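A short worksheet on the structure shown next.
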2 protein chains.
Amino acid sequence: MPAPYPESLSLHAERLREIPLRTLFAESRDRSFLCRDIEGIHVDASRQRLDAETWADLLRVAEQVEPARSDLFAGAPVNATENRPVLHPALRDPRPEGLVVDGVDILAEVHRQRQRMREFAESCAARWQTVVNLGIGGSDLGPRMLCEAFPRAPGAPDVRFASTLDPEELNAALHGCDADQTLFIIASKTFTTEETQRNFSAARQWLADQGVEPGEVMEHFVATTAATERAQEIGIDAQRIFPFWDGVGGRYSVWSSVGLPVVLHAGWDAFEQLLAGAHAVDEHFREAKAESNVPLMLALLMLWNHTFLGAATRAVLPYNYRLRTLPRFLQQLQMESLGKRADAEGNLQDVAAPVVWGGSANDGAHAFFQLLHQGEQAVPVDAIIAKLDLEDERERALLAQCLSQLDLLASGRTFGEVEPAAGVAAGHYVHPGDRPSTLFLMEDISPRRIGALLALFEHVTFSIAVFWGINAFDQFGVEYGKRLSRSLAEALQDSAAPAPGHTLKALLDRLRNR
Amino acid sequence: MPAPYPESLSLHAERLREIPLRTLFAESRDRSFLCRDIEGIHVDASRQRLDAETWADLLRVAEQVEPARSDLFAGAPVNATENRPVLHPALRDPRPEGLVVDGVDILAEVHRQRQRMREFAESCAARWQTVVNLGIGGSDLGPRMLCEAFPRAPGAPDVRFASTLDPEELNAALHGCDADQTLFIIASKTFTTEETQRNFSAARQWLADQGVEPGEVMEHFVATTAATERAQEIGIDAQRIFPFWDGVGGRYSVWSSVGLPVVLHAGWDAFEQLLAGAHAVDEHFREAKAESNVPLMLALLMLWNHTFLGAATRAVLPYNYRLRTLPRFLQQLQMESLGKRADAEGNLQDVAAPVVWGGSANDGAHAFFQLLHQGEQAVPVDAIIAKLDLEDERERALLAQCLSQLDLLASGRTFGEVEPAAGVAAGHYVHPGDRPSTLFLMEDISPRRIGALLALFEHVTFSIAVFWGINAFDQFGVEYGKRLSRSLAEALQDSAAPAPGHTLKALLDRLRNR
C-alpha cells in the first residue's frame, strides 16, 4: 500500500476546476516551473491544469518512489509478483561489469551477448536481402516502431514484420521476397507464444514451398528469446540464438536482442546511440532530485490528471510521420503496465489507469480532434514533434498546427469571441478549453533522442505504478485468455465437445452447424 | 431538444450494476433478443449488460429517430447548422433518378458522374503504374481503409496515400515511383485544405524535378472535390475533375468520387458491390421496425453504455489484417460526428460521446487487453471478425481467440476460480468481468459486406446523434484550429509579430531564438 496522498491535493483539484487555464497564464505568465529540458527534448507542461502551489504539494508525493527506485537499479526483485529483478536499465548500462543478480554478473553477460549480436548483424548485410521479424506484443511493437523511426542504413536488408494469426499478414510481409535471400527472426520470450510458433511453422512451410532444400531451411531462422533451450529443441542452432533474460519484460525488451531488427535496419551505431540516450535518462531518473526530475514530474502530472481530475483516457499525438507507431508502443507500455488493480498483497485498489490512445496528430486535426475540442470529456494530450526546419513551408506549417492546437485546447474560445455565420447559434463555435497537454519538442529523431524519450516514458510508468501501489512489470490479465482460447479452438473442431466459457453456447452451435 | 429518456432506464441501470453478466446468461440462456443478422453479418450483442425488460424500455427511445430519419432519406436539410441535406445515402441509391434537391435531380447527377468515373478508371490501367491520393481526414481514411481491405485487381495500378504536412510521408509514398507513370489524385472537398494544397505543390515540384515536361505536369493530376471551379482555376482540366456535393460530408464521402482510389485499386465491380451493400442497409434502416432494426439496436446500446452505464470510451477491435485501419475510420466517423455538445438552438447539452479507439485485436491481446480485463474502467468492445476457415489452423486459432476474449471480458474469473502460483496472491488473477461487447461475425471481407458494415455504423452514428440532440453532420470544432495555425505560421517567420493565442509566448520566444 502506498502512503495516502496529501489531503490538500483534493482541495486544489476542487479549487482549480473553477480557474480557467487562461487565467493561470494571465496571473503568472511564468509557467516555467512546469518546463524541463532533457537530452535535447524540451518538455513543456505549462498547459497542465495546476498552479505553483499545487505543484509544491504534488512534489510531496514524489518521495514515495523510494525505495522502489533504488531497488530497480540495484537489481532487486522489484517485480515482486514474479519474484524477478527488472533488468531493462541494465541493458543500456555502459559499464562492462558490476551488477550481480543471483550470483551472475548480468552486465558482463549483457555485453557478451551484445557483441555476438553485433557480429551476427555485420555478417547479415552480405547474406540476406529481406528479414522478417515474427513476434507479437513486446516482441513486435518496439522494433517495428524503431525501424519506422530510423532511416535504413546503406546496404541494409529490407526489414519487415508479421505478428498475428491472420495468414494474410504474413503473406503480405512475404510478398515479393526471394526465399533464398530471406531470414526470419523468431522473437518470443517464452518460445511458446501461439501466434509466433504458428507463424514460425508457416514460414518453414513457405521456404520449403519455395524450393529451399530441407537441410537448409533452419539456416533461415534466428531466435531472440529468454527460452534458449526450447529454441534449440525446436531446431534453431545455438549459434543463431540471441538470448535475453527473464527479468526483461516483453514491453521493455527492445533494448535487448529483441532489438535485432533495429540493428539490421539502421546499423549498429544507431542501436548504440539508442541505448546511450536511454542510459542518460536512467542516470537522470536515478540521481536528479524530485523538483528537477523529469520522469517524476510527468508521473505526478499523470497522477494529477487521472486520480485527481478524473480523466479516463490520455492521447499520444505525434506530428512526425516517422513516429506514427509511437502511440501503439506507449499504449502497450502504459496499459499493460498500469491496467490492473491488485496491490502487493493482492487487494484490489482504486487505480485510475487511463486508456492510452492516439495517432498521427496532423491527421487527427481533420478527424478526432473534434471531440478533443468540443466533447464533454477533457482528454490530456501528449504531443510530440521533432526535426523542424522553419525555412521549409510544410514543416513550419506543421509546427504551427501543433502549437495552435495545444493553445486552443488550453485556452478555448468563449461565447464573446466567436463570429457565428448567419443563422448559426454561437454555441456551435464555442471551445470550452481547459484541456491539458504536455509538449515534447525534440531536436531531432535521432536514435539517441528516441532512446531518451522511450526511457522517459518507461520511468514515468514505473513511478506512477509505485504511486498507485501496483506492479508495473507483471501482466496477469493477458494470460488466462490465451489458455481459454486453446480449449475453444478444440471445441471448434469437435462438435461433441461442450462449449467452454459461460456465454458461448449459442454462438458455438451456430458456428458448428454452418 | 430530444424528449427525455424513460425514467425506468436509470432504475434498470442501477439494478443491473448488481447483476453479473454470468447470471443473466444463466437465468435466461436465450439471449437471442440481442442478436441480429443483416447482409451476411451476424451481430451478436448478447454480451451487452442488459436484460429483456431493459431492452423493452430502451426500445421506447427508438421512436425519437423520427422525423430525422425520414428527412435524411428525403433530402431535407437534416444538417441544419450548415443548412444542407445529407446526401451520402443518395450516392448508393440504384434508382437512376427521382430525388430532387433544390431543383436538381441529385440521383441523375450521381449516376452521370459515376459513369464518368468508371470510364476514367478504365482508361487508367493502361496509362498509370502508380496512383498517389493526396487528401486528409475524410478524403484519405475511407479510400485508404478500403484499398487495404480489398485485393488489388489484376493489372490495377499501385495505389498509395499521403495525407500530412510532414514531407517524409509524401517522400515515402513516392519511393520507387516512375514519374512518367505516376498519377496524383487531389482529394479535397473545399480545395483549400492546407495539407493537401501543399502536398499538391510538392507533387508538382517532384514531377518537374523528375524531368516531366512543364506542359505535361498537370496531366498527372485529377481532382475529387466539391469545389470544381477552384480546382479548374488552379489548373486541373475539367475533364479530370470528379465532383461530389456540399451535402456529402468528408467522413461520409467514400461513396462519392472520393472513392476513386478504391475503383482504381479493386476495380469497378468491387465499388458497385460496396455501394450495393450500403444501399441494402439504407433500405433496412429506413424500413425495418424498431425491434428488428439493426442500426437502431446498436445506437440504443451505445446510449445504454455511454449515457446510462457511464463508459467513457469504446474500443473497435478487428481480428482481420485487412481491416486494420477500420478503427481509425470509425474513430473519425464517431468522434467527429458526436464529439460536440450544442443542440439545434446552440445550447450546450450533456452528451456522453465516447473516445473511440482500438486496433488489431490479436496484437491487442498481447498488449492493451491487460487494461480491458483487469483495469478499473469497463470499456465496451466492438469486435469484428471475418472470413473463417475452420480447417486452417491459424484461422481457427484466431476465431478461438476472439470468442474466448469476449467470453472472458463478459464472464470474468472469480477468486474461487483462480489457481495462483505459489507465493502470488489470488487477487492478481481475478478478472472482474461484466465488460460488454458486440461481435460482428462477417461471412467474408467482400466489398458488399464491407459496404453494409460501414453503412451500419453510419446509421448508428446518425441515430445516437438524434437521441443526444446533436447534429452528426457538422464539425465546427475542427475549424478554428486551422485558422489559428495560419497566423501562427506567420509569427514563426516574423520575430516581431506578437504571439497569437494565450499560452504560447514563452514557447515562441524559445523557437525564434534558436
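The values are calculated or read from the model by the stated rules, or taken from the named source; none is laboratory data. Please read all numbers here as calculations on a predicted model, not as lab measurements. All Cβ positions, even for glycine, are placed from backbone atoms using ideal geometry, and neighbour counts span all protein chains on display. Quick note on the areas: whole protein, heavy atoms, side chains included, nothing else; ligands and nucleic acids left out. Shrake-Rupley method; radii C 1.70, N 1.55, O 1.52, S 1.80 Å.
Values for this structure:
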quantity	calculated
Principal-axis tilt of helix B:326-338 within chain B, Cα atoms, nearest 10 degrees	90
C-alpha long axis of helix A:447-468 to longest principal axis of chain A, angle in °	70
Long-range HN-HN contacts of residue B:241 with modeled amide H, under 5 Å	B:223
Quotient of C-alpha Rg and 2.2 N^0.38 Å, computed over chain A	1.05
Shape call, the stretch B:382-486: gyration tensor on alpha carbons, a/c limit 1.5	oblate
Computed helical MRE - 222 nm, chain A, DSSP H runs ≥ 4 contributing -39500 (n - 2.57), nearest 500	-13000 deg cm²/dmol
Label distances, nm, residue B:497 versus same residue in remaining copies, Cβ-directed 7 Å point	6.5
Efficiency of FRET between residue B:417 and residue A:7 - r from beta-carbon atoms, R0 30 angstrom, step 0.05	0.15
Protection proxy ranking of B:27-40, A:385-398, A:424-437 - average other beta-carbon atoms within 10 Å, highest first	A:424-437, A:385-398, B:27-40
Percent antiparallel among DSSP beta bridges (both partners in chain B, rounded to 5)	30
The stretch B:154-193 versus the stretch A:14-51: alpha-carbon centroid distance in Å	40
Cα centroid separation - the stretch A:264-281 against the stretch B:318-393, whole Å	35
Under-5 Å amide H pairs with residue A:358, H placed in peptide plane, nonlocal only	A:316
Ascending list, in nanometres, of distances separating the residue A:509 label from those of the other copies (7 Å, Cα toward Cβ)	7.3
Average beta-carbon neighbours from other chains, 10 Å sphere, peptide B:371-382	6
Relative contact order %, chain B, counting alpha carbon pairs below 8 Å whose residues are six or more apart	19
³J(HN,Hα), Karplus 6.51/-1.76/1.60, whole Hz, each residue of the stretch A:228-243, x for Gly, Pro	5, 5, 4, 4, 5, 4, 7, x, 8, 4, 4, 5, 10, 10, 10, x
Approximate spin-label separation residue B:71-residue A:33, in nm, with each point projected 7 Å along Cα-to-Cβ	5.1
Karplus-derived 3J(HN,Hα), 6.51/-1.76/1.60, for each residue of the stretch A:31-44, Hz, glycine and proline x	9, 5, 5, 10, 10, 9, 10, 8, 6, x, 10, 8, 9, 10
Pairs of Cα atoms farther than 31 Å apart, the stretch B:87-272, %	11
Antiparallel %, DSSP beta bridges [both residues in the protein assembly as shown], to 5	30
Percent carbon-and-sulfur accessible area, the stretch B:274-432, ignoring ligands, DNA and RNA, probe 1.4 Å	47
Between 0 and 90°, nearest 10: helix A:106-124 axis offset from chain A longest Cα axis	70
Per-residue mean of C-beta atoms belonging to partner chains within 10 Å, peptide A:497-509	6
Accessible area (Å², per residue) of the stretch B:74-229, counting only protein heavy atoms and a probe of 1.4 Å	39
Along principal axes, Cα extents of the stretch A:67-153, largest first, whole Å	47, 27, 20
Translational D in µm²/s for the stretch B:10-105 (Stokes-Einstein at 4 °C, 1.567 mPa s, Kirkwood Rh from C-alpha pairs)	76
Gain upon complete extension [residue A:102, residue A:119; 0.36 nm per residue less C-alpha separation]	3.3 nm
Label 7 Å beyond Cα on the Cβ vector: residue B:235 copy-to-copy distances, nm	6.0
For the stretch B:265-337: accessible area per residue (Å², 1.4 Å)	24
Listed residue pairs exceeding 27 Å between alpha carbons, taken from A:340/A:482; A:189/A:340; A:505/B:387; A:189/A:387; A:482/A:505	A:189/A:387
Debye equation applied to the C-alpha atoms of the stretch B:310-358, log10 I(q)/I(0) at 0.17 Å⁻¹	-0.56
Cα-centre dipole for chain A with unit charges at Cβ (Lys and Arg positive, Asp and Glu negative), debye to 20	760
10 Å Cβ neighbours from other chains, averaged over peptide B:329-335	4
Antiparallel content of DSSP bridges confined to the stretch B:87-272, in %, to 5	10
Listed residue (B:496, A:187, A:165) projecting farthest to the positive dipole end of the protein assembly as shown, Cβ model	B:496
Alpha-carbon Rg with Dmax, taken over the protein assembly as shown, Å	27.7, 86
Under the Karplus curve 6.51 cos²θ - 1.76 cosθ + 1.60, θ = phi - 60°, whole-Hz ³J(HN,Hα) for the stretch B:189-195, x wherever Gly or Pro sits	4, 8, 6, 10, 3, 4, 4
Debye log10 I(q)/I(0) for the stretch B:98-202, one point scatterer per Cα, at q = 0.19, 0.20, 0.23 Å⁻¹	-1.07, -1.14, -1.31
Those aspartates and glutamates that a straight Cα-Cα span of less than 13 Å connects to residue A:289, excepting residues fewer than 8 apart in one chain	A:63, A:66
Total accessible surface hidden between B and A, rounded to 100 Å², 1.4 Å probe	11200
Gain upon complete extension [residue B:180, residue B:291; 0.36 nm per residue less C-alpha separation]	34.3 nm
Placed amide H near residue A:84: partners under 5 Å, 5+ positions off or other chain	A:79
Most positive-pole-ward Cα, A:469, A:83, B:453, against dipole of the protein assembly as shown from beta carbon charges	A:469
Whether the stretch A:318-460 is rounded, prolate or oblate, judged on the alpha carbon gyration tensor where a/c under 1.5 counts as rounded	oblate
